[in-house]
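Worksheet for the structure shown next.
The values are calculated or read from the model by the stated rules, or taken from the named source; none is laboratory data. Everything numeric in this text was worked out from a predicted model, so none of it was measured. Neighbour counts run over all protein chains shown; Cβ positions are idealised from the backbone, glycine included.
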Amino acid sequence: MEKKVLAIVNGNEITQNDINRSLLRFPQETQEHYKTEEGKKQFLDQMINFELIYNYAIDSDMEKDPDYIEQMKLIQKDVLIQIGIKNIMSEIDITQEEIQKYYEDNSQMFKSEETASAKHILVDTLEEIQKINAEITNGMPFEEAAQKYSKCPSAAQGGSLGSFTRGKMVPEFEEAAFKLKVGEVSEPVKTQFGYHLIQLDEISSQEMKSLEESKNTIMENISHQKQNEKYISSVDELKNKYAIEIK
């Protein structure tokens, strides 16, 4: 299917594969248009037009045109620079010892965040929150109290805030939540939003990812570091090899 010949211009075939490669140069939105029946016809017509102009340029000896020669030199230079950089970057080796050392030296990077899951009740005054706290102490379920009294939209879910990590809540709320035991209800907590009661549903402590789980990230980071060092050292060597004159 990819090699299906769609047109022949002056003996040169235009295949579906040629169309597919050319389409990759366009934004996704434009590609989608050219995948429609009308778009396919428009794009093929454009490819035919380009092929006609290409033949015109060849027959007119435009390969000898100074602009063509200059642009080809620039393209060749850019391609050679990219290949040169690729060649420099490819000469990178990473040992198991380096991976192990990076893992040990950067252990904080591979720790999962501490997470809490909690419910809360939010009201405007200390007096209100104290009365609600007394009702909960006397047996009212926390979820029922949240639905009945809380002014937070989470009241519809029994006050549930879902899971959150450190740094996601205001400091006073976070400090109180992460100090609780599972199932425990906090004392009234004041924040910029009002007064809260917090009940902790679940908490997960920081856990260290294994070396095997972290290996791909470590290799990528070491590779970037070594490539950068190799690039700098190679350029320094080339500065000594080739004359530089800055004016």
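Quick notes
- Output for segment 1-14, where each listed residue is over 11 Å from ILE48 (Cα atoms) and either surrounded by 11 or more Cβ atoms within 10 Å (Cβ to Cβ) or touching a strand residue (DSSP E or B) at 6+ places or on another chain (Cβ under 8 Å) (or both): GLU2, LYS3, LYS4, VAL5
- Where helices (runs of 4 or more DSSP H) sit wholly within segment 1-100, those with at least 3 residues that are at pLDDT below 90 and either in contact with a helix residue (DSSP H, G or I) (Cβ under 6 Å, 6 or more places away or on another chain) or under 30 Å from SER233 (Cα atoms) (or both) occupy 28-34, 66-90.
- Criterion (among the aliphatic types (A, V, I, L, M) and outside any helix (DSSP H, G or I)) met by exactly one of ILE232, ILE198, ILE218, ILE222: ILE198
- Residue, farthest from GLY194 (Cα to Cα), within segment 125-160, restricted to residues that are under 44 Å from the mean Cα position of the chain (by Cα) and not in a helix (DSSP H, G or I): PRO141
- Within segment 194-247, the residues that satisfy the criterion of being under 30 Å from GLU144 (Cα atoms) and under 33 Å from the mean Cα position of the chain (by Cα) are LEU200, ASP201, GLU202, ILE203, SER204, SER205.
- Within segment 200-217, residues that are among the charged types (D, E, K, R) have Cβ atoms under 6 Å from residues that are assigned to a loop (DSSP other than H, G, I, E, B) and surrounded by 11 or more Cβ atoms within 10 Å (Cβ to Cβ) in these pairs: GLU207/SER112, counting only partners at least 6 apart in sequence or on another chain.
- Given (1) closer than 30 Å to TYR102 by Cα; (2) surrounded by 17 or more Cβ atoms within 10 Å (Cβ to Cβ), index of the condition ARG166 fails: (2)
- Inter-residue pairs, beta-carbon under 7 Å, first within 14 Å of ILE85 (Cα to Cα) and at pLDDT 90 or above and in segment 220-247, second not in a helix (DSSP H, G or I) and not aromatic (Phe, Trp, Tyr), 6+ apart: LYS226/ILE92; GLN227/ILE92; LYS230/GLU91; LYS230/ILE92
- Number of the exception - PHE110 against (1) touching a helix residue (DSSP H, G or I) at 6+ places or on another chain (Cβ under 8 Å); (2) closer than 30 Å to ALA156 by Cβ: (2)
- Qualifying residue in segment 192-204 (condition: surrounded by fewer than 11 Cβ atoms within 10 Å (Cβ to Cβ) and of a type in the set (Asp, Glu)): no
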